[in-house]
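Report on one structure; see the data block that follows.
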Amino acid sequence: MKINKFKKEILSFAGLYISPFLINVLLLTVRIKIENSEIPEDLIKKNQNFTAVFWHGKMLIGWYLFRKYNSAALISPSKDGEILTNLLVNWNYKVVRGSSNDSGKEALVKMLELADKKMNLVITPDGPKGPAEKMKAGAVIICKKKKLPLLLTGIRMENKKILKSWDSFEIPLPFSSVTVTYSNPIWIEESLNYDETNEIILKAESRLKEMNK
C-alpha cells in the first residue's frame, strides 16, 4: 500500500511503540457525539452480531468506536497492516489479515467462522488499496452468507489533519469534535443473485458517502 512518508512515519512510530498510549490520550480529548448509539446497542441486547463498515480514511475513529463490541477486524497483510494490528490487539480486537476483495478469500473464510462465534465484524470496504470510497463486495457477501445486518458508519470530524494519501486519511485534532451516525441495520437476503447483490453494494456505497458529508 502506497502512502506518503508522513503517514508512514506516524503509523510506524505510533503502532510499534506508543500507539496504545498516545492514540488513546488523543482520543480521550476528542468529543465524540453518537447520534443514534441505540442501533448497535439494541443489536447486542438481542444477541445479534453485525458487520460494521466505515471508509478507510476514517478508520482511526472507526476502529476506536467498535473496540468494546467483541469485534474482529479485517486488516491488510501489508507492513502497514502489521502496524495497525498492534493497535487493534491493544483494543481487544481479534485480527484477521487479508483484504475484502477476491484475493482475500482465505481471510473472508476466517471472518465467516468468527461470525459463527457471534463476533461482530469490522471492515473498511474500500481498503486496503482503494479506490477511496469505492465499496468492495466482501462485507456484503459476509452479511448475505451469515444473515448479518450491515451497519454503515458515518464519521464527520470538525477539526482534523488530512494526510495526502490515497484515502485522505483523517486525524482528529486534540479537543475537537466528531459526529458519528449509524445506519439502520441493512439485511441482505441470501437468495439475491449477482446483479441484485451488486445493486445492494452500490446503494450502500452511495449511502455511506452521504453519511460522511
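No value in this document is a laboratory result; all are computed from the given coordinates. Everything numeric here is computed off the predicted structure, so don't read it as measured data. A quick note on method: Cβ atoms are made from the backbone with ideal geometry, for glycine too, and the neighbour counts reach across all protein chains shown.
At a glance:
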| quantity | calculated |
| --- | --- |
| Unique match (being more than 26 Å from residue 145 (Cα to Cα), crowded, with 21+ Cβ neighbours inside 10 Å and of a type outside the set (Gly, Ala, Ser)) among 84, 65 | 84 |
| Criterion violated by residue 151 - all others in (1) assigned to a loop (DSSP other than H, G, I, E, B); (2) under 29 Å from residue 105 (Cβ atoms) satisfied | (1) |
| Evaluation of residue 122 against (1) of a type in the set (A, V, I, L, M); (2) crowded, with 17+ Cβ neighbours inside 10 Å; (3) farther than 21 Å from residue 73 by Cα (one fails), failing number | (3) |
| Of all residues in the range 162-213 being part of a loop (DSSP other than H, G, I, E, B), within 18 Å of residue 59 (Cα to Cα) and of a type in the set (Phe, Trp, Tyr), the one that is nearest to the chain's Cα centre (by Cα) | 169 |
| Some residue of the range 96-112 being crowded, with 19+ Cβ neighbours inside 10 Å, part of a strand (DSSP E or B) and either out of contact with any Ser or Thr (no Cβ under 6 Å at 6 or more places or on another chain) or touching a residue at least 60 places away in the same chain (Cβ under 8 Å) (or both) | yes |
| Members of the range 156-175 that are in contact with a Ser or Thr (Cβ under 8 Å, 6 or more places away or on another chain), surrounded by 16 or more Cβ atoms within 10 Å (Cβ to Cβ) and in contact (Cβ under 8 Å) with a residue 24 or more places away in the chain | 156, 157 |
